[in-house]
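The structure appears below as structure tokens.
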Amino acid sequence: MCCDYDMDELHQMTLFTIGPVQMYPHIIAEKGLPIPYFRTEEFSNQMLKMDNDFKQLLGTTSKTRCIYLTASGTGAMEAAVINCFDESDRLLIINGGTFGKRFCDICVVHNIPFDEISLPFGEELTREHLYRFENCGFTGLLVNLDETSTGQLYNVELLADFCQRNHMLFVADAITTFLCDPFEMDAFGIDVAILSSQKGLCLSPGISIIAANEKALETHILKKTPKTLYLNFKDYISNMERGQTPFTPAVGVLQELCSMVAYIRAYGKDRLLSDIEQRAAYFRQQISNLELKIPSYPLSNAITPVIFKQPIAKQVFLTLKNTYGLVVNPAGGTMAEYMIRVSHVGDLKHKDYDNLIKALEICIKEASSQI
Ligand SMILES: *Cc1c(COP(=O)(O)O)cnc(C)c1O
């Protein structure tokens, strides 16, 4: 094949990123297959079966409706907000990083009134942060359960109790906690959950999923008339009754999703979670004697933020990628020079972490000596 781009180099890198993540061979094989036409009974039946199994993975019942949206995670966040809320609502947003800030930005764009609990980097969300927002007439809470930019895993019970007491709709972006940490939508008291293909599901980017329970449907979604055509949930819900989407979805990613849901059901969700937990624990333990630290707030198993003592993060990121073909997540904002983030999701083994840690040790020495 004639190709002027150096694509092999990109394909050969090992991803410690989220996401895309290091994908599993059986999903890569699925990606290589032709894309089927989707307005068929066969495709509908496959979607209906997958939808049913997917709800079990989410820990919810068939009464919950899943909206399969062709969009990145941000598209699903925006869609969830505008289908559940409007100018007459008042929201509380946990803003502890890039993704919390994004919920605020979405509300600004759509004129939805909100207050935010703004957490400086390093601060753990606690009961005390919520006190002054009790009985203030909020109608919904927006939170990124794992704020991926910092890796903080918020206390879901604390937030669910707050929503219950204050009669609020609990909207949880679970994009990097679902299939990374224990997650049970109903047991956790979540009304609307937001998921995306390229994170814990380990698929190509392109599909994001919004799961809305009966309460969310009856008290919010079915009562609102959002000013959007493409993102109108009512259309997706009625189409999904026959296993279809209103518009052409990313069919290939839906095929990957079916394959992954079947795989996880066969492999076992608990076993998958335990693998990720062990990888995270292994990495965190193995780096404990390097010149770096890990934040003290509660962490998701999805990702480990690694904080350097010197401003070498950008250099370490580049050397890992350019010299070793190992890709980690850089950090943004005030931590950009001091932090990288290492994912534990995807087709990664202990030996991959051994390689990463060896390279990391060399990179830290090199970069520190150049400061
Ligand atoms: C990745 C991510 C998103 C979505 O980001 P996109 O780039 O739009 O896919 C949203 N929330 C969280 C917590 C994420 O980690």
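Worth pointing out:
- Screening Pro311, Pro305, Pro295 for residues that are closer than 24 Å to Ile276 by Cα and assigned to a loop (DSSP other than H, G, I, E, B) leaves exactly one candidate, Pro295.
- Filtered residue count, segment 224-247, keeping only those that are open to solvent by 60 Å² or more (accessible area, probe 1.4 Å) and within 23 Å of the chain's Cα centre (by Cα): 1
- Tabulated pairs, segment 186-204, first in a loop (DSSP other than H, G, I, E, B), second modelled with pLDDT under 95 and open to solvent by 20 Å² or more (accessible area, probe 1.4 Å), C-beta under 6 angstrom, 6+ apart or interchain: Gln198/Gly19; Lys199/Gly19
- Within segment 124-146, considering residues that are touching a strand residue (DSSP E or B) at 6+ places or on another chain (Cβ under 9 Å) and in a loop (DSSP other than H, G, I, E, B), the one surrounded by the most Cβ atoms within 10 Å (Cβ to Cβ): Leu145
- Residue list for segment 101-159, filter: within 17 Å of the chain's Cα centre (by Cα) and without any contact (Cβ under 8 Å) to a residue 24 or more places away in the chain: Lys101
- Qualifying residue in segment 57-71 (condition: within 16 Å of the ligand (Cβ to nearest atom), at pLDDT below 95 and aliphatic (A, V, I, L, M)): no
- Of all residues in segment 147-176, those satisfying the criterion of being part of a loop (DSSP other than H, G, I, E, B) and either among the hydrophobic types (A, V, I, L, M, F, W, C) or more than 21 Å from Ile307 (Cβ to Cβ) (or both) are Asn155, Asn166, His167, Met168, Ala174, Ile175.
- Residue within segment 199-210 that is farther than 24 Å from Thr98 by Cβ and in contact with an Asp or Glu (Cβ under 9 Å, 6 or more places away or on another chain) present: no
- Considering segment 1-101, the qualifying helices (runs of 4 or more DSSP H), each wholly inside and each with 3 or more residues that are closer than 25 Å to Leu153 by Cα, of a type outside the set (A, V, I, L, M) and open to solvent by less than 80 Å² (accessible area, probe 1.4 Å), run over 73-84.
- The residue that is farthest from the ligand (Cβ to nearest atom), among those in segment 186-223 that are hydroxyl-bearing (Ser, Thr, Tyr) and buried (at least 24 other Cβ atoms within 10 Å of the Cβ), is Ser197.
- Checking Thr148, Thr139 one by one, the residue that is over 16 Å from Ala302 (Cβ atoms), modelled with pLDDT of 95 or more and not charged (D, E, K, R) is Thr139 and no other.
- One residue stands out in segment 361-370 among those that are in contact with a helix residue (DSSP H, G or I) (Cβ under 9 Å, 6 or more places away or on another chain) and of a type outside the set (Gly, Ala, Ser): the one that is modelled with the lowest pLDDT, namely Gln370.
- Taking segment 102-120 as the range and being within 16 Å of the ligand (Cβ to nearest atom) and assigned to a loop (DSSP other than H, G, I, E, B) as the test, only Leu119 passes.
- Whenever a residue of segment 70-90 is more than 15 Å from Asn144 (Cα to Cα), its partners that are open to solvent by 50 Å² or more (accessible area, probe 1.4 Å) and basic (Lys, Arg), lying with C-beta atoms within less than 8 angstrom and at least six residues away or across chains, give the pairs Ile82/Lys227.
- Taken over segment 331-360, the criterion of being under 21 Å from Ala280 (Cβ atoms), open to solvent by 20 Å² or more (accessible area, probe 1.4 Å) and modelled with pLDDT under 95 is satisfied by Met335 alone.
The values are calculated or read from the model by the stated rules, or taken from the named source; none is laboratory data. On a predicted model such as this, the values are computed, not experimentally measured, just so you know. With ideal geometry, Cβ positions are generated from the backbone for all residues, glycine too; neighbour counts draw on all protein chains shown. Only protein heavy atoms, including side chains, enter the accessible area calculation; ligands, DNA and RNA are left aside. Shrake-Rupley method; radii C 1.70, N 1.55, O 1.52, S 1.80 Å.
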